[in-house]
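Participant: Mind having a look at this structure? Questions to follow.
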Amino acid sequence: MKRKIEAYLKWWKDLGHERMPLLLYGARQVGKTYTLSDFGANYYRNTVYLNFEKEPALISLFDDSIDPKKLIPKIERFFNATITPGNTLLVFDEIQVCNRALTSLKYFCEDAPEYDLIGAGSLLGVHISSSGFSFPVGKVLAKVMYPLNFEEFLLESDKAVFADTIKECYVNNKQIAPDLHNALLSLYGEYLLVGGMPLSVSSYFDNGAALSYRDVQKIILDTYTSDMVKYAGKSQSLKTINAYDSIVPQLAKDNKKFQYKFVSKGARASLFGESIDWLISAGVALKCAKTIRGDIPPRVTEDVSSFKLYMNDVGLCSLRAGLSGSNLGAFNPTFMGGIVENYVAGNLVSNGRELFYWSSDSKAEVDFVVMIDGETIPVEVKAGDHVRSYSLSSYMDKYHPRYAIRVSARNFGFVNNIKSVPLYAVHLI
């Protein structure tokens, strides 16, 4: 399975002795272990892989000293392997389980930068934010990994050959052939259901798979719930589950702003704020913050009291919403609009974009506002091909952006300062 993050890993490797250890984190089942194993097999003579969750005995290797000169021989003896700078990939997986292993990254950076060391963790963000652990700031590179975006899904399909065509049409605002446009919209509809979890994708494209992609998705959701029970804390676990369960109903509303009353009766931020922070830190939810200005970078005018939440994978969102191949086109535009927004959000973050939306006195709202080449660009999302938008017009009249982006089922184009981006090309924004 081809993952775009491999290019980043190769870039990191090529930094040589100037590089710092890399921290790769993200939600469970996004493909970290497979990607690192594949990266090690393709670019190194051998990989020495420590998983602190599966093998707790490994933690004791870090008890006495975390000096790399003492650690490396102990790890070599444990695995009966040779660790050679430049030729061996050293992976500390589920590194959040071993605080001293996480701390050791600082000393690998300072005293042994010649080693190719990657730390990875599914709940690393939760651990750092909740344990009071001192993060080795300035001593590691950090990279978040997400589910497959639509382009990666496309590369697994029988239409992979058209990836370059989509990019060319996006860059040049050139319409794609109508038949291909419709075929790609159909594939996009499949992605809405399957999502980007690697096991779900491989199951979908493998006719002989033992489990259906829906079976895989259910297992993933069960895993997430188990993590909430196990790691969110006794007093917070039920609140965290309830907050997570409310995401799809929140997206089905006309006003998709997260409202605590949809979690439980009488709920408020003081009761559920910590639970929402846990979901975001664990990578199972994506936060889209509100900005109240469109003429300066969105983070500067963020309204911390207003936000939207999306699930980290649109396939999991579709499962929770009860979508299937037979009913995908049967629901009202407001409901489907939330699902499609979730899809766009996932593709934006996988492309390195921060999530913001713009709202003005509840009279107008633009689904996303992103920074592109240092400029603030509004992104309006439509689930179908009806594209009239009072909100986008209001934004453009007020702030005069260089251009705006409208995502819809329509073909590529550029009219009235609006760049038309088909739903299957969102990964390029």
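Bear in mind that the values in this text are calculations on the coordinates, not laboratory data. Remember, predicted model here, so these are calculated numbers, not experimental data. As a convention, Cβ positions derive from the backbone with ideal geometry for all residues, glycine included, and neighbour counts pool all protein chains shown.
Participant: Please compute the Kirkwood hydrodynamic radius of segment 1-130 from all pairs of different C-alpha atoms, in Å with one decimal.
Facilitator: The answer is 14.8 Å.
Participant: Continuing with this model, one more query. Distance between the C-alpha centers of segment 268-286 and segment 404-429? Whole Å please.
Facilitator: A separation of 32 Å, based on Cα centres.
Participant: Moving on to the next point. Ignoring everything except DSSP H segments at least 4 long, calculate the 222 nm mean residue ellipticity for the chain; use -39,500 (n - 2.57) per segment, divide by total residues, nearest 500.
Facilitator: -12500 deg cm²/dmol
Participant: Further, regarding this structure: Can you tell me the order of 349-359, 251-261 when each peptide is scored by its average per-residue count of other Cβ atoms within 10 angstrom, highest first?
Facilitator: Order by mean packing, descending: 349-359, 251-261.
Participant: Separate question: Can you sort MET20, MET228, MET311 so the residue with the fewest Cβ neighbours within 10 Å comes first?
Facilitator: Lowest to highest Cβ neighbour count: MET20, MET228, MET311.
Participant: Taking only C-alpha pairs under 8 Å that are 6+ residues apart, what is the relative contact order of the chain in percent?
Facilitator: 15
Participant: Return the sequence-ordered ³J(HN,Hα) values of segment 190-205 in whole Hz as given by the Karplus equation 6.51 cos²θ - 1.76 cosθ + 1.60 applied to θ = phi - 60°, using x for Gly and Pro.
Facilitator: The phi angles translate into 5, 5, 4, 7, 7, x, x, 5, x, 5, 5, 5, 5, 5, 5, 8 Hz.
Participant: Can I ask one more? Report Rg(Cα)/(2.2 N^0.38 Å) for segment 151-428, keeping two decimals.
Facilitator: 1.01
Participant: Over the Cα atoms of segment 151-248, what radius of gyration and what Dmax do you get, in Å?
Facilitator: 18.4, 56
Participant: Still on this model: What ranking do 137-145, 111-119 get when scored by the average of other Cβ atoms within 10 Å per residue, highest first?
Facilitator: Most protected by this proxy first, the peptides run 111-119, 137-145.
Participant: Which percent, to the nearest 5, of DSSP beta bridges fully inside the chain are antiparallel?
Facilitator: 40
Participant: In degrees from 0 to 90, rounded to the nearest 10, what is the angle of the helix 32-43 Cα long axis to the longest principal axis of the chain?
Facilitator: 70
Participant: Another one. On C-alpha positions alone, give me the angle between the axis of helix 213-231 and the longest principal axis of the chain, in degrees, nearest 10.
Facilitator: Helix 213-231 sits roughly 60 degrees off the main axis of the chain.
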